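Presented below is the structure to which this report refers.
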Amino acid sequence: MSTEQITAPGAPSPSGGTAARPGPRTRAHAGRGPRSLTTRRAWAFYVFAAPWVLGFLALTAFPLGYALWLSLTNADGLSQNSRFVGLENYREVLTDPETMSSLARTGVFVAITVPLSIAAGLLLAVLVNQPIRARGLFRTLLYLPAIVPPVGAALTFKLIFDRDSGAANGVLDALHVNGVSWLMDPYARWVLVTLTLWGAGNTMIISLAGLQDIPKELHEAARVDGANAWQSFTKITVPMLSPVLFFQVITGIIAAVQSFLPLLISLDPTPRGVTSVPESNYLFMINVFAQYFANGRYGYASAMLWLLFLIIVAITFLVFRLSKGAVFYSVDPEAAKPSRQRTIGGK
Amino acid sequence: MVFPRRSAVYMLLVGALVLFLGPFGWLLNTALKNPSELRALPVHWWPHDPSLNNFYDALTQIDYLGYARNSLTIATVYALLVTLASAWAGYGFARLDAPGKRLIFSVLLSTMMLPQVLTLIPTYLLFAKMHLTNTYVPWVLWGLCGAPYLIFLFRQFFSNMPKELEEAAIVDGCGQIRIFWRIFLPQSWPVIATSLILSFSWTWGDYIAPALLLDDAHTTLAVKLAYGYVNEHGAPLGNLVAAGAVMYVVPVLALFLIVQRGFVAGAATSGLK
């Protein structure tokens, strides 16, 4: 019976076991009126929510708590009895010049890539929203790099920017310019930025969806009033698109601070080697991986990650505050709540 | 000089296409060159003597098909489980009500903002203690609880379905599980397809989790590809890397191109509406 099969995912739930079968039996209680119906629906909700809630508790909340505990110890994975060291790791994180400089580099990386990829995505979205031939094909092809798995993308860029056999130096050679070692300092940072921008199809698609929601009448009215294309873009398109752009700023920052692409671009031929990341690409996450893999400092790496999480929360909060008034919602304030929820939860 | 507007659009788009598709061209180009041609100066823009040998070597120098099978197993198991589990939870959030629902839902939304790496180290240590590393059990567990983003996707879809569907079923004596399984789920195939594709490609492309949880024998193509192709001196073999990467990337791209009708629009709007 299909009802039996579908209870399987909920089965781990002890509370779900009995409530999972309202089935045909519910008829017996039908006479008890709307209250029992409400109760039954409540029970059903818990049954449907149970797998996620249990999974969240076991696979997210518990590891988070464990991470918090680890960050207060000197756990290194080798010695059995790791010791409680209080806030020692946090003190070290905040005073370690290596950690702080990798954090600063991450900040620069975010400051360069997030605005650039949103701008590039918006430009492409405007272009593929024009009434032109084969625009569906253009959309698909420009989106294509965004779905390439990160490892595949990193390997591709390693080949393009190879010193001897790469296309980048081939182009320079054709222009009679000497090639450079792209994957080393000081150029490695720009390979990383280029690689990140290659995925701008993602922001293009999201902006495109936003563009298509803008009522055509607005642009028509502006044209009648004598606005040129640029005025129409800055005075109508951008404000109408501001919730979408705001959403992209938040998700873009959250994704970029966690970027570990430098690891993949400069991975050694030896398994799990992270020693060869050029300094300019030594981002915060790379430092975390180095502390973790190379040095086995679980406690210290956990403290670094908690710091990163606090920074993400702070940035998100800050962006929310700063964007007040700058983000334009086309709904009245009474209805603003669901609209804001949509923007946060959108990805 | 003033261009007619439409041709300016075409020029910009074609320029963008060259930049965006160029890397694929170079990947293929490198995969078809023979090793000596790779070192040719000046750089050969087309392979003068194209051959498929690199593909053969890429398949045989490492146990390519074995690693591909590992990737395929993990990605398929995870995609199927996570899609069903996310639809299950999404139905609850969309159609049912109970005390605490808003709280649970806001926790669900906020986990989407949580950096995944934060749970990574403790998860690894916990799974190691439970002897679950070097097995695919973690992916089964992750799949069984659903993914917040996909739950959200299903919730949005189920929320928009007419109330009458449900009411008629209740009058007929259907329980919620049967309503979900027989009525709502069969109607949600566009979201099911989106969810399957997204979750499959996440897992196919994931590097960190398999690198952390799996040893060399159990690991995935994504991990092995990143460092697997070296000569006896430990120097990377560009041609084989390229051939291996083509075979790794093309299935994902092909899957996307087959189903992209509506997917591009769907992936974009589902997140924002």
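Quick notes
- Residues of the stretch B:112-143 with amide N under 12 Å of the 7 Å Cα→Cβ point at residue B:217: B:134-135
- Other protein chain Cβ atoms within 10 Å, averaged over every residue that makes up B:118-131: 6
- Global form of chain B, assessed from the alpha-carbon gyration tensor, a/c cut-off 1.5: oblate
- Multiplying each eigenvalue of the alpha-carbon gyration tensor of the stretch B:135-273 by 5 and taking the square root yields semi-axes of 41, 18, 11 Å, largest first, rounded to whole angstroms.
- The mean number of Cβ atoms from other chains found within 10 Å of a Cβ in peptide A:36-45 is 5, as a whole number.
- Relative contact order, percent, chain B [alpha-carbon distance under 8 Å, six or more residues apart]: 31 percent
- For the stretch A:132-204, trypsin sites (Lys or Arg not before Pro) meeting the loop criterion (DSSP other than H, G, I, E, B) and having at most 12 other Cβ atoms within 10 Å: A:133.
- Highest average first, the peptides B:97-107, A:164-174 ordered by how many other beta carbon atoms sit within 10 Å of their residues are A:164-174, B:97-107.
- Working note: 222 nm ellipticity from helices only, DSSP H runs with n ≥ 4, each -39,500 (n - 2.57), summed and divided by the residues of the protein assembly as shown, gives -20500 deg cm²/dmol to the nearest 500.
- Amide H contacts of residue A:73 (H built 1.01 Å from N, under 5 Å, at least 5 apart or other chain): A:85
- Exercise: per-residue mean of other protein chain Cβ atoms within 10 Å, B:242-254: 3
- Cα principal axis extents for the stretch B:1-117, largest first, Å: 70, 57, 24
- Think of each Lys and Arg Cβ as +1 and each Asp and Glu Cβ as -1; about the Cα centre, that makes the dipole of the protein assembly as shown roughly 2240 debye.
- Virtual spin-label span in nm between residue A:163 and residue B:45, 7 Å along Cα→Cβ: 2.6 nm
- When the Cα positions of A:61, A:210, A:302 are compared along the charge dipole of the protein assembly as shown, A:210 comes out farthest toward the positive end, with charges on each C-beta of Lys, Arg, Asp and Glu.
- Taking Cα centre as origin and charging only the Cβ of basic (Lys, Arg, +1) and acidic (Asp, Glu, -1) residues, the dipole magnitude of the stretch B:28-179 rounds to 400 debye.
- Between B:29, B:53, B:231, the GNM of chain B built on Cα springs shorter than 10 angstrom shows B:231 fluctuating the most.
- Mean-square fluctuations from a GNM of chain B, with a 10 angstrom spring cutoff on Cα atoms, peak among B:84, B:185, B:96 at B:96.
- For chain B, built as a Gaussian network whose Cα springs stay under 10 Å, the top-fluctuating residue of B:240, B:221, B:132: B:132
- The stretch B:83-122: C-alpha gyration tensor shape, a/c 1.5 cut-off, then a/b vs b/c: oblate
Only the coordinates and a few stated rules stand behind these numbers; no lab work does. Keep in mind the model is a prediction, meaning the values are calculated, not measured. Using ideal geometry, Cβ is built from the backbone for each residue, glycine included, and neighbour counts are taken over all protein chains shown.
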